[in-house]
Amino acid sequence: MTGGVVALSNQPVPAEATPSRVVSPYGDHQPAIAAPTPKHAELVALNLLSSTDRAALGRLMRLWSTDIVALTEGRPPPGDTAPELAVPNTALTVTVGFGPRVFTRPGLTAYKPSGLDDLPVMRHDRLLPAWSGGDLLLQVGADDPVSVVHAVRRLVADAAPFARPVWRQTGFWNSTGPDGKPVTGRNLFGQVDGTGNPAVGTPEFDATVWADGPEWFRGGTTLVVRRIKMNLDTWDELTRSEQERAVGRKLSTGAPITGTAEHDELDLDARDADGRLVIAENAHARLSHHSENDGRRIFRKGLNYVHDTGATRESGLIFLSYQADVAGQFLPLLTRLDAADALNEWTTTIGSAVFAIPPGWHEDGWLARDLLA
Amino acid sequence: MKTKLLMACAVVALPLLLSSCGSSDSAAAADTAPSVSTPSVLVEDAWVRTTTGAKDTTMTAAFMSLTNPGGSEIKLTSATSPVAGTVQLHEMAMKDGKMVMREKAGGIAVPAGSHAHLAPSGDHVMLMDLKQPLKPGDEVPLTLKFSDGSSHDLTVPVKKFTEEEEHYHPSQTPTPAS
């Protein structure tokens, strides 16, 4: 997070205090969205009990807001049964979302963000109910997995009068290079994953991610969670150049096959001596590029996962995509990739869920107050 | 609740106790900051146990952390709430080999430069003759009065608690301490 800070003066640098790793829970947006992907994370989807009406959902959001403030500051939330597990400086963040069904509840139907619907089942999807859907989302991230599971435990316990968990997914990501500087990070295929994102803090990012309506949702966003199983065995049978051709990027740096540095623009028109496109028609980087999608963009993040059953390991990616409008931005892209992406041969989506991520809140407020107060 | 508590935190604790407000990077500055006035007690992380699912829904308890940054002991002497007909300060104590709950004579002391933690199976604020059920996520007004003459108006969240009721819920027939 401090990688962008450059010392410009000649003043002697004072002995550096331990940098604070407390991420403020407050702001115009929920703070984890634009922050680097956490080292460790857990996502929990919950379904509302039938007794949880709009007023009860508001009470839960007030409780969670109190919990989130305490947990991110490293304090035990009120009533914590294991208060010693709450420790500061773990960069803990909590993100809360509402599934489409929340907006079928009395008093909430008029407030559904446009385009917030479960995604249609794609041709390559093999969705399992165990990893799909959900009324509420909790996404907790931190530098340290003990802090993650402790926070999840408190938040799920405080939600018990209102909602029950329906799935949990645990993942991990390394977005710090060996030199301590931020990097894009790699998935378990070894690919640098997420290079094409709009840069945080640019107008492009803001236009891609933040919704401007309905009124209560201004500054919110939507999140698509897709659990993508990756067949590492058949992937490993490929030559390196076959692997690079499937994506259109080099494994070494993440640079386009047509470039030398990770963030070089793709040359989608380049052809080799035989007249063939260098970045293949069905290369993932081409099909997902905004210039090939009428300018539609998304903000991609991801978490690697492994899921062990006895000695059998399943590996994959918890694919996370933020965008202002699921139907307008994400769905066309997904449809296009499902139809032609070379990577489909080694990947299978086994879970899918969509959530509205309410805007952030400030010290005098609480989560989704403008919807639920 | 956040508003009130955070305001209490900011107003009361700024001179000395920034670190208690969860702002770890201010701790060093706070250590050397001059004391401009004697701050009163700082109240944090207050909560009330829900009556939903309780055996006796006419009473419950409030818990919190009290911090006394000053140089002399301050006592929590009384509390009131519009949701309760009667509010008492209670302690759990051994009597004839049994853990019993009883009114705490003289109030709950917050030692100089230290804390008092009101927690299940310890000292607590007892809310009796409740006028309404208290559901998780409800917010209960609670006023605390201290021996230094100060008082705190709080808005306290109602929460579910996971321990078995007998371990913390005031009862006329408490279970023996294990």
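Here the accessible area is traced with a 1.4 Å probe on the protein chains. For chain A, carbon and sulfur cover 52 percent of it.
FRET efficiency for the B:Gln132 to A:Ser252 pair, using the beta carbon distance and R₀ = 60 Å, is estimated at 0.35. Accessible area buried by the pairing of B and A, both sides summed with a 1.4 Å probe, works out to roughly 1900 Å².
Note on B:Ser72 and A:His362: with the Förster distance fixed at 35 Å, the Cβ-Cβ geometry gives a FRET efficiency of about 0.45.
Under 5 Å from the amide H of B:Leu154 lie the amide H atoms of B:Leu142, B:Thr143, B:Leu144, each residue being 5 or more positions distant or on a separate chain, with H modelled from the backbone and absent for Pro and chain starts. As a calculated quantity, the FRET efficiency between A:Asp264 and A:Ala110 at R0 = 60 Å, using C-beta atoms, amounts to about 0.80.
Residue ranking by accessible heavy-atom surface, 1.4 Å probe, largest first, among A:Asp267, A:Asp179 comes out as A:Asp179, A:Asp267. A 1.4 Å probe, protein heavy atoms only, puts the accessible area of A:His124 near 60 Å².
Interface burial in segment A:123-164 reaches 20 Å² or more for A:Ala157, A:Asp158, A:Pro161, comparing the full protein assembly with the chain by itself; accessible area from heavy atoms with a 1.4 Å probe.
Each Lys and Arg contributes +1 and each Asp and Glu -1, all at the Cβ; summed about the Cα centre of segment B:90-147, the dipole is approximately 100 debye. Surface composition of segment B:39-168: carbon and sulfur make up 48 percent of the accessible area, probe 1.4 Å. Here the label points at A:Glu281 and A:Thr239, each 7 Å from Cα along the C-beta direction, are separated by 2.2 nm in the simple model.
Annotation for segment A:108-180: trypsin sites (Lys or Arg not before Pro) lying in DSSP loop with at most 11 further Cβ atoms inside 10 Å of their Cβ are A:Arg123, A:Arg126. Sparse packing (at most 16 other Cβ atoms within 10 Å of the Cβ) combined with a DSSP loop state is found for the following GluC sites (Glu not before Pro) in segment A:215-256: A:Glu237. Pairs of lysine residues in chain A that meet both criteria, 8 or more places apart or on different chains and Cα atoms under 26 Å apart, total 10.
A dipole drawn for the protein assembly as shown from +1 and -1 charges on Cβ atoms has a positive end, and of B:Ser150, A:Gly302, B:Val125 the residue lying farthest that way is B:Val125.
A quarter of the convex hull surface defined by the alpha-carbon atoms of segment B:39-168 gives 7.8 nm² as the mean projection.
Dipole check for segment A:52-114: with +1 at the C-beta of Lys and Arg, -1 at the C-beta of Asp and Glu, and the Cα centre as origin, the magnitude is about 460 Debye. The accessible-area ordering, largest first, of the residues B:Arg102, B:Arg49, A:Arg300 stands as B:Arg102, A:Arg300, B:Arg49, per a 1.4 angstrom probe. Simple point charges give the picture: +1 on the Cβ of Lys and Arg, -1 on the Cβ of Asp and Glu, and for the protein assembly as shown a dipole about the Cα centre of about 1060 debye. Dividing the mean sequence gap of close Cα pairs (under 8 Å, 6+ apart) by how many residues chain A holds gives a relative contact order of 26 percent.
The values are calculated or read from the model by the stated rules, or taken from the named source; none is laboratory data. The structure presented is a predicted model; accordingly, all values stated were derived computationally and were not measured. With ideal geometry, Cβ positions are generated from the backbone for all residues, glycine too; neighbour counts draw on all protein chains shown. We work out accessible area using only protein heavy atoms, side chains counted, and drop any ligands, DNA or RNA first. Shrake-Rupley method; radii C 1.70, N 1.55, O 1.52, S 1.80 Å.
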